[in-house]
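Engineer: Got a structure for you, questions after.
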Ligand SMILES: Cc1ncc(COP(=O)(O)O)c(C=O)c1O
């Protein structure tokens, strides 16, 4: 059977969750499990994340999947509901919503008594300069005062556009957040994603919202997971299915983009973009064979890649790590001109899923 495998290390997941708790000991942890737990498979991850105080997802369907799997923790819909009828389902399933526009506010006020009766908090999103979702600073204060007067418990929420770098917008976002927090005090507050958990310990407040760090990938361009003391959760691997000796001047793969400058030994590995392995590399990419990194040769095809195994002791059936503990997904992403988040999320259905 074809051995293209996504293996989830649930111990690493627990380790990373504990790292969040070490870094933010006084905050509740909303583990972000949207997009199928960043591609890791929500059903394989939730048990290992069950010590989270809550889960964060992007839509009602993702929240209902968590309920169907039997997990009872609070859930926050970080984009809120998409229609009026979703509000009642959210209440019935004990799911908290964000409100980020006036229509959602109206939908919420229509079901006010039921929402409050179930002890659900409402998350109110500040648009402090990212300009995606949320109310601007000139309107959010009165909205929060109104919600509090109606009897709602509110969480002031904000998302950084540049928490992974030093950027002038960070200061603006922080100062707007603190201004609203003070104006609306007492109020629960949440603004830290993974990068901000590391960068701004003074802003952890009531809830932190880690995503990528739970999965053992880095939110930073200049600090890898080892520096952050995180463990990669996913190992993406495949098998060598053929060995090929080529001579100097021979080409490899579609487009014959690679031409050997010397005699080489190639291994053909059963992985390709049909599995979610990226094709459009902007610089040399490598895989790991028993911890030793070796280059991918020529173009990535739908089902296969070639790798250089000259001088390596390999045989058909050997497993190759595409990303995992030796070849970090963040480094593959960097060679591909993207971020680890994207590679993790866009795996296809084809690789076999395992967990340990
Ligand atoms: C509102 C919100 N909070 C937290 C996160 C988690 O971010 P990260 O994966 O960078 O920790 C996300 C992810 O995009 C988000 O949209």
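The values are calculated or read from the model by the stated rules, or taken from the named source; none is laboratory data. As the structure is a computational prediction, the values presented were derived from the model and not from experiment. Using ideal geometry, Cβ is built from the backbone for each residue, glycine included, and neighbour counts are taken over all protein chains shown.
Engineer: So residue 114 passes all but one of these: (1) in contact with a strand residue (DSSP E or B) (Cβ under 6 Å, 6 or more places away or on another chain); (2) within 19 Å of residue 95 (Cα to Cα); (3) in a helix (DSSP H, G or I). Which condition number does it fail?
Structural biologist: Among (1) in contact with a strand residue (DSSP E or B) (Cβ under 6 Å, 6 or more places away or on another chain); (2) within 19 Å of residue 95 (Cα to Cα); (3) in a helix (DSSP H, G or I), the lone unmet condition for residue 114 is (1).
Engineer: Within region 168-208, track down each residue that is outside any helix (DSSP H, G or I), more than 20 Å from residue 77 (Cα to Cα) and more than 15 Å from the ligand (Cβ to nearest atom).
Structural biologist: Correct list: 184, 185, 186.
Engineer: So, of the residues in region 214-229 that are surrounded by fewer than 24 Cβ atoms within 10 Å (Cβ to Cβ) and closer than 15 Å to residue 21 by Cα, which turns out to be farthest from the ligand (Cβ to nearest atom)?
Structural biologist: By that ranking, first place goes to 229.
Engineer: What about residue 316, is it farther than 14 Å from residue 6 by Cα, not in a loop (DSSP other than H, G, I, E, B) and not assigned by TED's automatic domain parsing to the domain that holds residue 48?
Structural biologist: Judged against the criteria, residue 316 is not a match.
Engineer: Next question, about the same structure. Just to be sure before I move on: is residue 240 touching a strand residue (DSSP E or B) at 6+ places or on another chain (Cβ under 7 Å), under 27 Å from residue 1 (Cβ atoms) and outside any strand (DSSP E or B) in the structure I sent?
Structural biologist: no
Engineer: Does residue 129 count as out of contact with any strand residue (DSSP E or B) (no Cβ under 9 Å at 6 or more places or on another chain), over 21 Å from residue 87 (Cβ atoms) and in contact (Cβ under 8 Å) with a residue 12 or more places away in the chain?
Structural biologist: Yes; evaluated as a whole, the condition is true for this residue.
Engineer: Separate question: Give me the residue from region 226-255 that is in the same structural domain as residue 341 (by TED's automatic domain parsing) and without any contact (Cβ under 8 Å) to a residue 12 or more places away in the chain and, out of that set, farthest from residue 212 (Cα to Cα).
Structural biologist: Among those that are in the same structural domain as residue 341 (by TED's automatic domain parsing) and without any contact (Cβ under 8 Å) to a residue 12 or more places away in the chain, it is 249.
Engineer: Evaluate the following for residue 131: is it on the phi > 0 side of the Ramachandran plot, under 28 Å from the mean Cα position of the chain (by Cα) and surrounded by fewer than 21 Cβ atoms within 10 Å (Cβ to Cβ)?
Structural biologist: Judged against the criteria, residue 131 is a match.
Engineer: Scan region 90-108 residue by residue and report those that are surrounded by 15 or more Cβ atoms within 10 Å (Cβ to Cβ) and either in contact with a helix residue (DSSP H, G or I) (Cβ under 7 Å, 6 or more places away or on another chain) or under 19 Å from residue 54 (Cα atoms) (or both).
Structural biologist: Passing the criteria: 90, 91, 93, 94, 95, 96, 97, 98, 99, 105, 107, 108.
Engineer: Tell me, yes or no, whether region 164-175 has at least one residue that is over 30 Å from residue 225 (Cβ atoms), at pLDDT 95 or above and assigned by TED's automatic domain parsing to the domain that holds residue 25.
Structural biologist: Yes, region 164-175 has at least one match.
Rundown of residues vs (1) loosely packed, with under 15 Cβ neighbours inside 10 Å; (2) at pLDDT below 95; (3) assigned to a strand (DSSP E or B), yes/no style:
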position	(1), (2), (3)
307	no, no, yes
322	no, no, yes
330	no, no, no
348	yes, no, no
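Engineer: Now for a different question. Looking for whichever is within 23 Å of the chain's Cα centre (by Cα) and buried (at least 21 other Cβ atoms within 10 Å of the Cβ) here; the options are 165, 180, 208. Which one fits?
Structural biologist: Answer to the check: 208.
Engineer: When both residues are 6+ apart or on different chains and their Cβ atoms are under 7 Å apart, which pairs have a first residue that lies in region 24-36 and is in a helix (DSSP H, G or I), and a second that is more than 9 Å from the ligand (Cβ to nearest atom)?
Structural biologist: Cβ pairs passing all conditions: 34/57; 34/62; 35/345; 36/42.
Engineer: Something else now. Determine, yes or no, whether residue 53 is away from the ligand (no atom under 13 Å from the Cβ), closer than 24 Å to residue 189 by Cα and either in contact with a strand residue (DSSP E or B) (Cβ under 7 Å, 6 or more places away or on another chain) or free of Cβ contacts under 8 Å to residues at least 12 places away in the same chain (or both).
Structural biologist: yes
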